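Following: one structure in structure tokens, then a few remarks.
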Amino acid sequence: MLTGSPSLTGTAVLRLGAFALHPKLEAPPVPGWLVLAPLRHVEQWDGLSLREQAELGPLVARVSAALRAETPTAKVYVSVFAEVLPHFHLHVVARPPELPAEERGARLFLAEGRAPEVAGADLFRRVCLRMERTSTQTRVRSPWTPVLLSGLLWPGLGQMRNGDRLKGIALASAGLLAMGLFVTRITRDAAAALLEAPPPEGLLDILALAQEIRTRHASEISVLTFVLVAVWIVSVVDAWWGARRPRVD
């Protein structure tokens, strides 16, 4: 993640979590040549911590996407050698469509540096600003609001809060169907029992009638109850995981 507001320092370095992004120090053959390196000293890939390894992949993807968006790019090269500088660093290079065939691939590292410094600095600034915008747009929602909506109000509401409208409608419909069948069955059996016997005169008679209905249709009621509870549980769990997924607003 970007730490604070991404700004260029005097050395033109952008801090990105445990890593730093900067243009190639020597004059590159193309302006879109960036270097991504860990802030702490690490010589090889396997020297990165598990957290740094998990952070690096998405960072490379974000830098590559920003380069593609800010400059004409046929391909984005990603390479690591660390032969000259004994510090782990990744080269992320936007290869222009017009680059001569004899300079493509690994041969680009042997090409003559000819990219204007101003062009490289301007491109790096645009890449940083674009990464800032995409970082502020990406959010991991708090899971509690959708969980409470699905758990306390009705299944599917949490999914709608997360933006999964179709899934929310499906879960809400399944809950309504199970509840509708449950209420319809109870109401119909209660009405039939009232017609067959004298009306209940007190609380004990009402409880006895309820017990009779429950006993008579125990299997059906159990199935409907199981379905309704299952829909509720699925909705709550899915609302939690859906809220934890990063989204772009």
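Would you be able to say whether some residue in segment 48-67 is assigned to a loop (DSSP other than H, G, I, E, B) and more than 22 Å from ALA12 (Cβ to Cβ)?
Yes; the residues of segment 48-67 include at least one that is assigned to a loop (DSSP other than H, G, I, E, B) and more than 22 Å from ALA12 (Cβ to Cβ).
When ALA37, ALA27 are checked against the criterion of being outside any strand (DSSP E or B), assigned by TED's automatic domain parsing to the domain that holds ALA119 and of a type outside the set (Val, Ile, Thr), ALA27 stands alone in meeting it.
Picking from residues in segment 174-188 that are surrounded by 14 or more Cβ atoms within 10 Å (Cβ to Cβ) and either small (Gly, Ala, Ser) or in contact with a Lys or Arg (Cβ under 7 Å, 6 or more places away or on another chain) (or both), the one that is modelled with the lowest pLDDT is ALA178. Only one of the numbered conditions (1) surrounded by 15 or more Cβ atoms within 10 Å (Cβ to Cβ); (2) in contact with a helix residue (DSSP H, G or I) (Cβ under 8 Å, 6 or more places away or on another chain) is violated by ALA82, and that is (2). Within segment 31-47, the set of residues being surrounded by 17 or more Cβ atoms within 10 Å (Cβ to Cβ) and either modelled with pLDDT under 90 or touching a Ser or Thr at 6+ places or on another chain (Cβ under 8 Å) (or both) comprises PRO31, GLY32. Within the span defined as segment 124-134, one or more residues are part of a helix (DSSP H, G or I) and either outside the structural domain of HIS41 (by TED's automatic domain parsing) or of a type in the set (Ser, Thr, Tyr) (or both). Checking the structure you have, find out if any residue of segment 125-144 is within 15 Å of PRO28 (Cα to Cα), buried (at least 20 other Cβ atoms within 10 Å of the Cβ) and of a type in the set (A, V, I, L, M, F, W, C). Taking every residue of segment 125-144 in turn, none turns out to be within 15 Å of PRO28 (Cα to Cα), buried (at least 20 other Cβ atoms within 10 Å of the Cβ) and of a type in the set (A, V, I, L, M, F, W, C).
The values are calculated or read from the model by the stated rules, or taken from the named source; none is laboratory data. Worth saying up front: this structure is predicted, and the values here are computed from it rather than measured. A quick note on method: Cβ atoms are made from the backbone with ideal geometry, for glycine too, and the neighbour counts reach across all protein chains shown.
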